[in-house]
Each structure stands twice: as C-alpha cells, then as structure tokens.
1. Could you give each residue of the stretch 186-202 its phi-based ³J(HN,Hα) in whole Hz, using Karplus coefficients 6.51, -1.76, 1.60 with θ = phi - 60°, and x for Gly or Pro?
2. Charges only on Cβ, +1 for Lys and Arg, -1 for Asp and Glu: so what's the dipole of the stretch 168-236 about the Cα centre, in debye to the nearest 20?
3. Using the Karplus equation 6.51 cos²θ - 1.76 cosθ + 1.60 (θ = phi - 60°), what ³J(HN,Hα) coupling, rounded to whole Hz, does each residue of the stretch 4-14 give in order, writing x for Gly and Pro?
4. Placing unit charges on C-beta atoms (Lys and Arg positive, Asp and Glu negative, everything else neutral), compute the dipole magnitude of the stretch 109-199 about its Cα centre in debye, rounded to 20.
5. Which value, in debye to the nearest 20, describes the size of the charge dipole of the chain about its Cα centre when Lys and Arg Cβ atoms bear +1, Asp and Glu Cβ atoms bear -1, and nothing else is charged?
6. Would you grab the residues whose amide H sits under 5 Å from the one on I188? Only those 5+ places off in sequence or on another chain, please, with H modelled 1.01 Å from N.
7. What whole-number distance in Å separates the alpha-carbon centres of the stretch 186-221 and the stretch 7-36?
8. Going 7 Å from the Cα of D85 along its beta-carbon direction, which residues of the stretch 47-66 have the amide nitrogen within less than 13 Å of the resulting point?
Amino acid sequence: MKIFPAIDLRNGKAVRLYQGDYDQMTVYSDSPVEVARSFKAKGAECLHLVDLDGAKDGKLVNFETISEIVREVDMFVEVGGGIRDEERIRQYLELGVGRVILGTIAVKDPEFLEKMVSKYGDKIAVGVDARDGFVAINGWKEITDRESFEFCTYLRDIGVKTVIYTDISKDGGLEGTNMEAYRKLQKIEGLEVTASGGISFEEEITALKDVVAAAILGKAIYSGKLDLERAVKLAE
C-alpha cells in the first residue's frame, strides 16, 4: 500500500481545513516545497496535493507552488482541486504531475469524464467524496442523489483506474476512518481505491494494507498523532 501525505494549498501556503470548511483553516507552513521535502526525507515516495483556491473559485493561484514542488522534489505527485477542463489537465501533466484528480466535474459532466479517461487513461483519477453514502460535490456543500458505491462501480466500468474515496464525516476529526466503506469498495474488482479522511491510528494502516491500494494522511501527521516514517514502513 502506498502512503500519500497530503499538502493542501491556499495562497501558496500549506494549510488544513476541518471537514472542508474554509473558515476553519490552520496554516502549517509558508513553504509547501519544504513540507514536501520533509515528507520525502521520511520515506514517502508519493504526494497528494489539493489546490484549495482552485476548488473554491477555479483560479490557478497555486500553479507556481505546485510547479516548484514537482520540479524540486522527486516524488509521484497527484493533484486535485478545481480541475474542470482539459486545458487544466494538460497544464498539470506537462508539469510532470503523475495523476490529476477530477471531482465535481466527474459527477456533473459524465461525457467529459469519459472523454478524458479514454484520452489520458490512468493519469485521470476521480475523487469520490461521500456523506451518509451519497456523493457530495462543490466543495462538499451539495449532496447529490448518487449513491457513492454505485458511482464507484460506474467509474470502474468506464475505465477509471483510481478512485480516492473520502468519508466527509471522518475528515480532520482524528477519530479514525470508515473501514467498513473500504471493505465494501474492495469488492469492486479492477478498481484501485485510495483511502482518505480521518486515518489516525497505526492499526488502521495495518488493516487498510490488505484492503486498498493507497492511503492519504493529512491532519494526523501534521498534529503528530501519526509518525509518517513509521506509517510508510507499516504500509510496505
């Protein structure tokens, strides 16, 4: 299982939001590239970047920061947040980003999603954010009537290789993740699932290792609840 430490970007800084709430934001560092370097030094080979400005208003505020991270730190980087057209996908892939994550647009415009998956293959991942089992979009503010597991099956069927599944209610709470959801997702053959949201304990990493392809660690490593170096070793 691969470990993806997360860096959420806002105005060029590394921050964390609590359950996606921009009013509950903590700034962790003015230098995201240094944060990425510290993750690399602790043995992480992958990095999960979220452009919060892009997600909120579609602006490319953090492009230079993302470019610097990709250029300066030798890691597999995936990027999400406000990617709503092919131009943005192309810009990120030309930078050297390994994978781009589509969110709201994947739900709202299935035709666009299918076209991008057929064109870019496994360089397109889909972020599925769920609340009470239903897919949430637009920065988690709008709950759709799409059942999240059924949506993941549809994604597999159209050729999506990687899904990043987040139980919103667990995100940023440091009280554990939704193991039951990942066991259910494990039954969708041919889909590589990344677990995200609330992973806080070493036992969870050990348990997830047999269930998902990757796990994203956020607040737990920033707060010191989990040691990244140890998490990477546990996941191997």
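1. Using θ = phi - 60°, the values come out as 4, 7, 7, 4, x, 9, 8, 9, 9, 7, 8, x, x, 5, 9, 10, 4 Hz.
2. For the stretch 168-236, the charge dipole is close to 120 debye.
3. Once θ is set to phi - 60°, the couplings for the stretch 4-14 become 10, x, 9, 10, 9, 10, 9, 6, x, 10, 8 Hz.
4. Working: 12 positive and 17 negative charges, 55 e Å.
Charge dipole of the stretch 109-199: 260 debye, to the nearest 20.
5. Values: 32 positive and 42 negative charges, 51 e Å.
Result for the chain is approximately 240 debye, rounded to the nearest 20.
6. Residues meeting the amide H criterion: none.
7. The two parts, judged by their Cα centres, are 22 Å apart.
8. Under 13 Å, as judged by backbone N against the label point of D85, lie 58-60 of the stretch 47-66.
The values are calculated or read from the model by the stated rules, or taken from the named source; none is laboratory data. Keep in mind that this is a model prediction, so the values were computed, not measured. Note that we place each Cβ from the backbone using ideal geometry, even for glycine, and neighbour counts take in every protein chain shown. Note: accessible area is taken over every heavy atom of the protein model, side chains too, but ligands, DNA and RNA are not part of it. Shrake-Rupley method; radii C 1.70, N 1.55, O 1.52, S 1.80 Å.
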